[in-house]
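Worksheet for the structure shown next.
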Amino acid sequence: MKYINVITDNKSKYTDSFFTYRADDVQVGDLVRLPFGTHNKERTGVVCQIDVTPDFDESKIKDVSGVIEKNYLTEEIVKTALWMKPRYGIKYYDAFKCFMVKGKDAKEGKEKEPYKNVKGTYFKPESLTSEQQMAFDAISRALESETQENFLLHGVTSSGKTQVYMEAIEKTVSLGKTAIMLVPEISLTKQVIEVFAGRFGKSNIAVLHSKLTPRERYDEWKRIKKGDAKIVIGARLGVFAPLSNIGLIVMDEEHESSYKADMTPKYDTVDIALKRLGYYKGVLLLGSATPSVVSYSRVEQGIYKLLTLRERYNTTPLPEVEIVDMRAELKAGNTTIFSQRLFNQIKEELDEGRQIILLQNRRGYSGFVSCRQCGNVMRCPECGISLTYHKSIEKLMCHYCGRTFPVPKACPECDSTYIKHFGIGTEQVEEALKEFFPDTEVDRLDIDALKTRKDLDRILDAFSKGETKILVGTQLVAKGLDFKNVGLVGVIAADVTLNIPDYRSAERTFQLITQAAGRAGRGDRRGKVIIQTYEPDNYSLVAAASHDYEKFYKQEIKLRRFMDYPPFTDLIMVNFTAEEETLAIAAGERCKRYMENALAGDNNYKILAPQYSQNFKGKDAVRFYLLIKCPKGERNKYVYYLENFSKILINEKVECNMDLDINPYSTY
C-alpha cells in the first residue's frame, strides 16, 4: 500500500485542497473512485501525487474504492492544472475540469462526428514566397532542435500566414508530434476545417470548441486522447486538448480578446500554451496583422522571435485608406449616418458590380459623450479613459476609479454647446442603407442576427455567392473573411471603439480598422477603405490609414509606460458578488484595506476603490470590483495575498463570492 494525494470533483470552496488516500498500483493522472466526507459519499478524483508521506495520523486515511480509468490525464496535464491554481487564483477543480469532458463511450458506429460533411477545399501553391519560406525555415529549425521557442508572425492581411501555419503543422506531424491550431472565433472554425481537411485529410484532424453538442465534444475528445487525430482545430478551448507530445501550438489572430476567458477560470490562452509546450519542448507560433502591444513588447524583451510578412500573397497592394472628418460633414449640413464621400463610393462600387462591407462596432459598448464641433471626448484626468454617461444619475463616470463628473453644458476645449451622447447601431445602418439603396440586397452580421448555428453559414454563403451586395456588421465582419469581390470597406464610426472606457481603446481601434481594411482588395484589384470619425488626427487612426503598425506601437507603448498599464504592470480585477449590495461593497472595501496593510512599505502599487459593475447580469445578485495595478514581476505575491483574503471570507462564512481576473480585457 502507498499513499497518494488526489483532487476530487467536490465543487465546494471549503474543500479546495489535496486529500490523502491509500491505494495500490495507481499513477499520476489516473481517475479513481473515493469515499468522501463523513458519510463516505462516493466521488471521483484525479491522482496528483504518489508515494506521499503523511504528516498526520495514518489510521484516519481511507482506501481508494477503485480505478475508473488508467492514464485518464497525462502527467503534463496534471502539472499544468496544478500550475493554473496559483496562477489565476482559482480552485483546483476549476483547473482540472478544463481538461475533462463528461460523457460515456458511444456504441460502436454511433459516434458523432462534427463537420462530417465538410469537403476539403485546399489548393497547394507551387511554392512559398521568399518571406514565407524564411519564416517556415526558422520554425522548422526550432521543431527539429526540440527546444522550446516562441515566434510572433507579423504579416499584413492576406500575406499568406495560414500557408506558413500549415507547412509548420505538416513538419510537426512528420516528426511524430502533434499540433494544435487555434482561431479566435468559432465562426471561423468551419473555414479552417475545410482548408485543413483538404490538406491533411478529415480523419487526421479533430475539432474542439464550445458550440459542439455534448456527444460531439466527448467523441472528439476520445479520438484525440486515443491518438486517432494528430491535429486539433478549435477556439480557445482547443488549448486543453488531451494530446501527448505536443510539438506546435498555433494561435491565429493572437491579438483577439476572445483568447482571454471571461468565465471562471479566467485564463489567458497563450499562458496555457506556453506552459504545455514547456513540458514537451515545443514551438509556439502566434500570428497577426496587428499584434497585441503585450506580444510585441515580448519581442523587444527577447521572449518571442519576430517573423515578418510584408507583402500580400497575391501581390495586390494594400487597400487605399481615407479618413473622413465628420465634423466637416456636420458643418456642411449633412446629419445622416453616411458622409458624402462614403455614400458616393458605395454607389460607385455597386454600379461596377463589387460588394461592400460596412463596420459599425456598436454592440456591447457603453455610450460616451463628445463634442461634435471639435471632436473632444470627455475623459478621466486620472485614468485617461473615456467617461461613460449614466442616465440614471445624469453624470459621467470613470469605470476605473469611480469618480463622477457633471455633464458639461459647453465643451471645455472649444466652448461649443453641441455636446451629445454618442450611439449608432448596426440596425440603424442597415435601415438607412435600405432607404437609400432600396433595390440592393443588404444583410446584417452581428450577435443579434445569429439566432442559430446555421444563421452564420446562411449569411456568409449569400455574401460569398454575390446574392448580398452590402454586409453590415460588428467586429464579426472584420475577422478572417476572405471574399474576392469586396471593393470597399467602410467604417461608419471609428469613435465607437476609440472611446470605449478601457485603456486598450486605441489598440482595439487600430486592430479592428486594420483587420476590417484587410477584407478589401483580396482579389486582383486594389480595394478602398473609408473611415468616418470626429477625431481624424488620432494617432491610432492615422497609423491604421497608413498601414503602419510600428508607428502605432511606438506611440502606444509610451502612453502605457506613462500611465502604468500593461505590459509595464499587471492589472488585477477582484470581483465581489453577493445577493446583498452591502455585503459585496463591504468585502471590496475590506479587501482594499487588507492589501494596503499587506503591501505596507511598497509604494509601487495602486488600488482603486470598489466600483459597482454596471453590466453584471447575475440573477438576484450584485457585483462590485476593485482594480489593482501590480508592478511587473510581483503578480504571484499579489495573488497569494488575495487568496489569503479569500480564505478569510470563506472561514468567516461571509455570503460573498470572490474571484480574480488577471489583466482583464474589459472592466465595463
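The values are calculated or read from the model by the stated rules, or taken from the named source; none is laboratory data. Every value quoted in this text rests on a predicted model; they were computed, and no experiment measured them. Cβ placement follows ideal geometry from the backbone for every residue including glycine, while neighbour counts extend to all protein chains displayed.
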Residues located in segment 583-594, provided they are surrounded by 20 or more Cβ atoms within 10 Å (Cβ to Cβ) and either under 30 Å from ARG561 (Cα atoms) or within 25 Å of the chain's Cα centre (by Cα) (or both): GLY588, CYS591
Does ASP620 satisfy the condition of being under 29 Å from the mean Cα position of the chain (by Cα) and in a loop (DSSP other than H, G, I, E, B)? yes
Which condition number does VAL496 fail, the rest of (1) in contact with an Asp or Glu (Cβ under 7 Å, 6 or more places away or on another chain); (2) among the aliphatic types (A, V, I, L, M); (3) at pLDDT below 95 being met? (1)
Need pairs with beta-carbon distance below 9 Å; first residue acidic (Asp, Glu) and within segment 178-204, second at pLDDT 90 or above; sequence gap 6+ or separate chains. GLU185/ALA235; GLU185/GLU253; GLU185/GLU256; GLU185/SER258
How many residues are out of contact with any helix residue (DSSP H, G or I) (no Cβ under 9 Å at 6 or more places or on another chain), outside any helix (DSSP H, G or I) and closer than 24 Å to VAL270 by Cα when one looks only at segment 180-210? 0
When the residues of segment 580-621 are narrowed to those that are under 16 Å from ASP659 (Cβ atoms) and small (Gly, Ala, Ser), which ends up modelled with the lowest pLDDT? GLY618
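Give me the residue from segment 595-627 that is more than 25 Å from VAL293 (Cβ to Cβ) and basic (Lys, Arg) and, out of that set, surrounded by the fewest Cβ atoms within 10 Å (Cβ to Cβ).
In the first step, residues of segment 595-627 are kept if they are more than 25 Å from VAL293 (Cβ to Cβ); the result is 595-603, 609-610, 612-614, 616-624.
Of the ones still in play, those that are also basic (Lys, Arg) are 617, 619, 623.
Numbers: LYS617: 7, LYS619: 5, ARG623: 23.
Per the criteria, the residue is LYS619.
What number of residues in segment 649-664 are without any contact (Cβ under 8 Å) to a residue 40 or more places away in the chain and part of a helix (DSSP H, G or I)?
Taking segment 649-664 as the starting set, the residues that turn out to be without any contact (Cβ under 8 Å) to a residue 40 or more places away in the chain are 651-653.
Among the residues that remain, those that are also part of a helix (DSSP H, G or I) are: 651.
Summing the residues that are without any contact (Cβ under 8 Å) to a residue 40 or more places away in the chain and part of a helix (DSSP H, G or I) in segment 649-664 gives 1.
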If I ask for residues that are under 19 Å from THR440 (Cβ atoms) and part of a helix (DSSP H, G or I), which ones from segment 324-353 would you list? GLN340, ARG341, LEU342, PHE343, ASN344, GLN345, ILE346, LYS347, GLU348, GLU349, LEU350, ASP351
What do you reckon, is ASP502 in a loop (DSSP other than H, G, I, E, B), touching a residue at least 12 places away in the same chain (Cβ under 8 Å) and under 30 Å from GLU311 (Cα atoms)? no
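Just one of LYS331, LYS281, LYS347 is surrounded by fewer than 18 Cβ atoms within 10 Å (Cβ to Cβ) and on the phi > 0 side of the Ramachandran plot; which is it? Outline the logic, then answer.
Details: LYS331 fails: on the phi > 0 side of the Ramachandran plot; LYS347 fails: on the phi > 0 side of the Ramachandran plot.
Going through LYS331, LYS281, LYS347 in turn, just one is surrounded by fewer than 18 Cβ atoms within 10 Å (Cβ to Cβ) and on the phi > 0 side of the Ramachandran plot: LYS281.
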Please state which of the following conditions SER540 fails to meet, knowing it meets all the rest: (1) closer than 30 Å to LEU330 by Cβ; (2) at pLDDT below 95. (2)
Conditions (1) assigned to a strand (DSSP E or B); (2) under 16 Å from the mean Cα position of the chain (by Cα) -> LEU306 fails only (2)
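Residue-by-condition table, conditions (1) touching a residue at least 60 places away in the same chain (Cβ under 8 Å); (2) in the same structural domain as LYS62 (by TED's automatic domain parsing); (3) outside any strand (DSSP E or B):
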| site | (1), (2), (3) |
| --- | --- |
| SER17 | yes, yes, yes |
| TYR21 | no, yes, no |
| VAL28 | no, yes, yes |
| PRO35 | no, yes, no |
| HIS39 | no, yes, yes |
| THR44 | no, yes, no |
Got at least one residue in segment 133-145 being within 26 Å of the chain's Cα centre (by Cα) and part of a loop (DSSP other than H, G, I, E, B)? no
From the list LYS260, LYS275, LYS266, pick out the single residue that is of a type outside the set (Ser, Thr, Tyr), in contact (Cβ under 8 Å) with a residue 60 or more places away in the chain and out of contact with any Pro (no Cβ under 9 Å at 6 or more places or on another chain). LYS275
Residue, farthest from the chain's Cα centre (by Cα), within segment 65-122, restricted to residues that are assigned to a loop (DSSP other than H, G, I, E, B), at pLDDT 95 or above and aromatic (Phe, Trp, Tyr): TYR72
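Does LYS275 satisfy being more than 23 Å from VAL195 (Cβ to Cβ), over 20 Å from the mean Cα position of the chain (by Cα) and either surrounded by fewer than 17 Cβ atoms within 10 Å (Cβ to Cβ) or not hydroxyl-bearing (Ser, Thr, Tyr) (or both)? Please lay out each step first, then the result.
Details: more than 23 Å from VAL195 (Cβ to Cβ): yes; over 20 Å from the mean Cα position of the chain (by Cα): no; either surrounded by fewer than 17 Cβ atoms within 10 Å (Cβ to Cβ) or not hydroxyl-bearing (Ser, Thr, Tyr) (or both): yes.
No, not satisfied.
Residues checked against (1) modelled with pLDDT under 95; (2) surrounded by fewer than 17 Cβ atoms within 10 Å (Cβ to Cβ):
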{"residue": "GLU535", "(1), (2)": "yes, no"}
{"residue": "HIS547", "(1), (2)": "yes, no"}
{"residue": "TYR553", "(1), (2)": "no, no"}
{"residue": "PHE562", "(1), (2)": "yes, yes"}
{"residue": "TYR565", "(1), (2)": "yes, no"}
{"residue": "VAL574", "(1), (2)": "no, no"}
{"residue": "ALA578", "(1), (2)": "no, no"}
Report, by residue number, each residue of segment 384-426 that is surrounded by 19 or more Cβ atoms within 10 Å (Cβ to Cβ), closer than 16 Å to GLN614 by Cβ and in contact (Cβ under 8 Å) with a residue 60 or more places away in the chain. ILE385, SER386, LEU387, THR388, CYS398, HIS399, TYR400
Residue under evaluation SER159, criteria (1) surrounded by fewer than 13 Cβ atoms within 10 Å (Cβ to Cβ); (2) under 27 Å from the mean Cα position of the chain (by Cα); (3) not aliphatic (A, V, I, L, M), criterion not met: (1)
Criterion first (assigned to a helix (DSSP H, G or I) and without any contact (Cβ under 8 Å) to a residue 40 or more places away in the chain) does ILE557 satisfy it? no
Could you run through segment 9-21 and say how many residues are modelled with pLDDT of 95 or more and either loosely packed, with under 12 Cβ neighbours inside 10 Å or not aromatic (Phe, Trp, Tyr) (or both)? 1
